[in-house]
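The values are calculated or read from the model by the stated rules, or taken from the named source; none is laboratory data. Not measured: the values here are computed from a predicted model. Reconstructed Cβ throughout: ideal geometry from the backbone, glycine too, with neighbour counts over all protein chains shown. With ligands, DNA and RNA removed, areas are computed over all heavy atoms of the protein, side chains included. Shrake-Rupley method; radii C 1.70, N 1.55, O 1.52, S 1.80 Å.
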Amino acid sequence: MGRTGTTRRRALLVTGAVAGSAAAGVLSGCSGERSEPGARSSARGAGAAPEGAEAADAALRKRLAAASGALRDHYDAVIAAHPTLAARLAALRTAVAAHVSALGGTAKAAGAHPVPGEPVAALKELAAAERRTSDALTAALGGARPELARLLASVAAAGAAHAYLLTAPADGGAR
C-alpha cells in the first residue's frame, strides 16, 4: 500500500504554486493595467466616471509619479555615490522604476539628491525617502477611484517593504 499522507514532493509543489501565485498577484499591481475583465470599454459607456474624476485621477497620478520619480533618482544618486551598494539596491531601484512607469511618469527630475558620505547613512536616508513616498501614496488612497487606489496600495506596500529591506542587515544577520 502506498503513502497516503503528505509527501515532501507534494508539499513542495503546493508551496511553490502558492508562492508563485502570490508573486504574480503582487507583480500585477505594478502593471498599471485595469484588473476587471472588459474594463477597457469606452469611457462614454454605461457606468463611466465623470470627466472630473478622470481629471482628478490624472492629476493624482502625475503628482505621485513625480514623487516616485524623485525616489528613483535618489536611488541613482546613492548608487553613484556608493558603488559598493549597487548590487544590493539594483532590484529595489528597478521596482521603483516600474512603479514610476505604472503611474505614468518617465522623466528624470532636474535636481540632484545630496548623499551622505557613509553607506549606512545613505541607506537610512533612502529608507526614510521610501517611507515618505509610501506614506504619500497611502494618504492619496482616499481621493482615488478604485482602480487607481488598488495600484497606489500596491506601490505603497512595496515601498514599505523596500524601507524594511533597506534597514535590514545586508548579511541577513540580527540587527
Residue in region 152-160 that is open to solvent by 70 Å² or more (accessible area, probe 1.4 Å) and farther than 13 Å from ARG72 by Cα present: no
Any hit, region 31-46, residues being loosely packed, with under 12 Cβ neighbours inside 10 Å, over 16 Å from the mean Cα position of the chain (by Cα), of a type outside the set (A, V, I, L, M, F, W, C) and at pLDDT 50 or above: no
Residue check for THR167: among the β-branched types (Val, Ile, Thr), open to solvent by 30 Å² or more (accessible area, probe 1.4 Å) and under 30 Å from ALA55 (Cα atoms): no
Any hit, region 135-150, residues being touching a Ser or Thr at 6+ places or on another chain (Cβ under 9 Å), more than 13 Å from ALA163 (Cα to Cα) and open to solvent by 70 Å² or more (accessible area, probe 1.4 Å): yes
Residue in region 12-26 that is out of contact with any His (no Cβ under 9 Å at 6 or more places or on another chain), surrounded by 12 or more Cβ atoms within 10 Å (Cβ to Cβ) and at pLDDT 75 or above present: no
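Residue-by-condition table, conditions (1) of a type in the set (Gly, Ala, Ser); (2) within 20 Å of ALA158 (Cα to Cα); (3) part of a loop (DSSP other than H, G, I, E, B); (4) open to solvent by 30 Å² or more (accessible area, probe 1.4 Å):
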| position | (1), (2), (3), (4) |
| --- | --- |
| ARG88 | no, yes, no, yes |
| ARG93 | no, yes, no, yes |
| ALA98 | yes, yes, no, yes |
| GLY105 | yes, yes, yes, no |
| LYS108 | no, no, yes, yes |
| GLY111 | yes, no, yes, yes |
| VAL115 | no, no, yes, yes |
| ALA121 | yes, no, no, yes |
Yes/no for ALA70 being out of contact with any Lys or Arg (no Cβ under 6 Å at 6 or more places or on another chain), closer than 24 Å to ARG150 by Cα, of a type in the set (Gly, Ala, Ser) and touching a residue at least 12 places away in the same chain (Cβ under 8 Å): yes
Qualifying residue in region 56-76 (condition: modelled with pLDDT under 90 and either among the acidic types (Asp, Glu) or over 22 Å from the mean Cα position of the chain (by Cα) (or both)): yes
